[in-house]
Amino acid sequence: MTDAVSVRDLVVRYENVVALNGANLSVGFGEALGIVGPNGSGKSTLLKTIAGLLEPSAGEVEVLGKQPRALPAGSIAYVPQIEAVDWSFPATVYDAVAMGRFPRLGLFGRFRSQDRAAVNHALNLVKMHDLAKRHISALSGGQQQRVFVARAIAQQPKLLLLDEPTTGVDASTEEALRQVVRALVADGMPVIMTTHDLDRAPEWFDRLIVLDRRVLACGDPEEVLESGAYAAIREHTHTHGHMRVD
């Protein structure tokens with residue numbers, strides 16, 4: 001059976017800076033893959049390349065057997081780090097989540113009953129339906145994160161990419177997001193998520209990788225966290241700063 005995501009010998013450069021240098025990984029359908037590594041290790045770059053937002057300098061990325069940009073619109077949902085979002089945008093919670101349907105509507109598509117159903121399902125899944133009429137700028141950080149995950153779910157993608165979704169959120173939001181991820185995975189969706197919160201990694205992920213421009217370790221979360229590769233990364237970050245996403 002074809003992997004949902006396959007990354008082979010991936011190199012990504014920003015002018016003279018090599019962000020990824022020979023990264024390899026695969027993700028199956030119905031699997032949650034966690035990515036950990038120090039600041040500047042290429043985690044966000046990896047997600048953006050899988051999403052088709054960045055072009056590889058060398059190597060290959062395939063999603064559902066195709067290059068990401070060759071897939072139908074809406075096939076991949078990418079949720080960036082929360083600080084990358086403009087929260088002054090004038091929209092209600094419902095409107096923001098409804099934007100996830102736009103790739104499915106086409107240029108002159110009308111919002112139909114199935115679109116409304118997808119939005120309501122996503123809001124219920126992240127426990128934000130009661131706040132559907134509230135302006136997104138009036139939400140807490142955790143509530144805002146739920147909204148953007150809901151927008152991705154409403155898109156009904158074939159692959160979900162999450163960049164540090166638990167950063168700065170409260171415990172209830174973190175648990176709500178974990179339950180969402182596990183429910184999506186149970187339904188067969190592949191999910192790839194970067195994180196630096198490792199306390200509950202085995203509860204979130206089926207596999208975990210340590211990334212530092214290339215994959216240094218991959219496997220069962222508990223085994224990876226006890227590996228020499230992770231210990232070396234952890235020692236480096238204790239010496240040079242916090243381990244967080246680039």
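Filter segment 189-243 down to residues that are among the hydroxyl-bearing types (S, T, Y) and surrounded by fewer than 19 Cβ atoms within 10 Å (Cβ to Cβ) and give me whichever is modelled with the highest pLDDT.
S227
With respect to V169, is the statement that it is at pLDDT below 95, over 22 Å from A98 (Cβ atoms) and surrounded by 16 or more Cβ atoms within 10 Å (Cβ to Cβ) true?
In short, yes.
Restricting attention to segment 136-143, does a residue exist that is modelled with pLDDT under 95, under 18 Å from the mean Cα position of the chain (by Cα) and more than 24 Å from L198 (Cβ to Cβ)?
Checking segment 136-143: at least one residue is modelled with pLDDT under 95, under 18 Å from the mean Cα position of the chain (by Cα) and more than 24 Å from L198 (Cβ to Cβ).
For a quick check of your reading of the model, give me the residue pairs whose first member lies in segment 1-22 and is surrounded by 14 or more Cβ atoms within 10 Å (Cβ to Cβ), whose second is aromatic (F, W, Y) and in a loop (DSSP other than H, G, I, E, B), with beta-carbon atoms closer than 6 Å and at least 6 apart or on different chains.
Listed pairs, sorted by first residue: A4/F29.
Among what's in segment 35-61 and is small (G, A, S) and closer than 16 Å to Y78 by Cβ, pick the residue that is surrounded by the fewest Cβ atoms within 10 Å (Cβ to Cβ).
G52
For E175, which of the numbered conditions (1) in contact with a strand residue (DSSP E or B) (Cβ under 6 Å, 6 or more places away or on another chain); (2) modelled with pLDDT of 90 or more fails to hold?
Every listed condition holds for E175 apart from (1).
Residues are listed down the side, and each one gets a yes or a no for (1) over 15 Å from the mean Cα position of the chain (by Cα); (2) at positive phi:
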| position | (1), (2) |
| --- | --- |
| D9 | yes, yes |
| V12 | yes, no |
| L20 | yes, no |
| V27 | no, no |
| S41 | yes, no |
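Does E164 satisfy the criteria of being on the phi > 0 side of the Ramachandran plot, of a type in the set (D, E, K, R) and either in contact with a strand residue (DSSP E or B) (Cβ under 8 Å, 6 or more places away or on another chain) or at pLDDT below 95 (or both)?
Yes, satisfied.
Which count do you get for residues in segment 169-226 that are touching a Leu at 6+ places or on another chain (Cβ under 8 Å) and of a type in the set (K, R)?
3
Could you list, in sequence order, the residues of segment 169-210 that are touching a residue at least 24 places away in the same chain (Cβ under 8 Å), closer than 12 Å to P221 by Cβ, touching a helix residue (DSSP H, G or I) at 6+ places or on another chain (Cβ under 6 Å) and assigned to a helix (DSSP H, G or I)?
Listed by number, the residues that qualify are A201, W204.
Is it true that P90 is modelled with pLDDT under 95 and under 22 Å from the mean Cα position of the chain (by Cα)?
no
Identify the residue in segment 54-82 that is part of a loop (DSSP other than H, G, I, E, B) and hydroxyl-bearing (S, T, Y) and, among all such residues, is farthest from G100 (Cα to Cα).
Restricting to residues being part of a loop (DSSP other than H, G, I, E, B) and hydroxyl-bearing (S, T, Y), the top hit is S57.
Only residues that are over 19 Å from P56 (Cα atoms) and β-branched (V, I, T): list them for segment 1-34, please.
Passing the criteria: only T2.
With the requirement that a residue be in a loop (DSSP other than H, G, I, E, B) and either closer than 25 Å to A183 by Cα or in contact with a strand residue (DSSP E or B) (Cβ under 7 Å, 6 or more places away or on another chain) (or both), what does segment 1-40 give you?
Residues satisfying the conditions are M1, T2, D3, A4, G28, F29, G30, E31, G37.
What number goes with the only condition from (1) over 23 Å from F111 (Cβ atoms); (2) surrounded by fewer than 16 Cβ atoms within 10 Å (Cβ to Cβ); (3) in contact with a strand residue (DSSP E or B) (Cβ under 8 Å, 6 or more places away or on another chain) that R134 does not pass?
(1)
Considering only segment 147-161, how many residues are outside any helix (DSSP H, G or I) and on the phi < 0 side of the Ramachandran plot?
The total comes to 6.
How many of the residues making up segment 41-53 are touching a strand residue (DSSP E or B) at 6+ places or on another chain (Cβ under 6 Å) and either hydroxyl-bearing (S, T, Y) or outside any helix (DSSP H, G or I) (or both)?
Number satisfying all stated conditions: 6.
The values are calculated or read from the model by the stated rules, or taken from the named source; none is laboratory data. The model shown is predicted, which means the values in this text are computed figures rather than measured ones. When we count neighbours, we look across all protein chains shown, and the Cβ atoms used for this are built from the backbone with ideal geometry, even at glycine.
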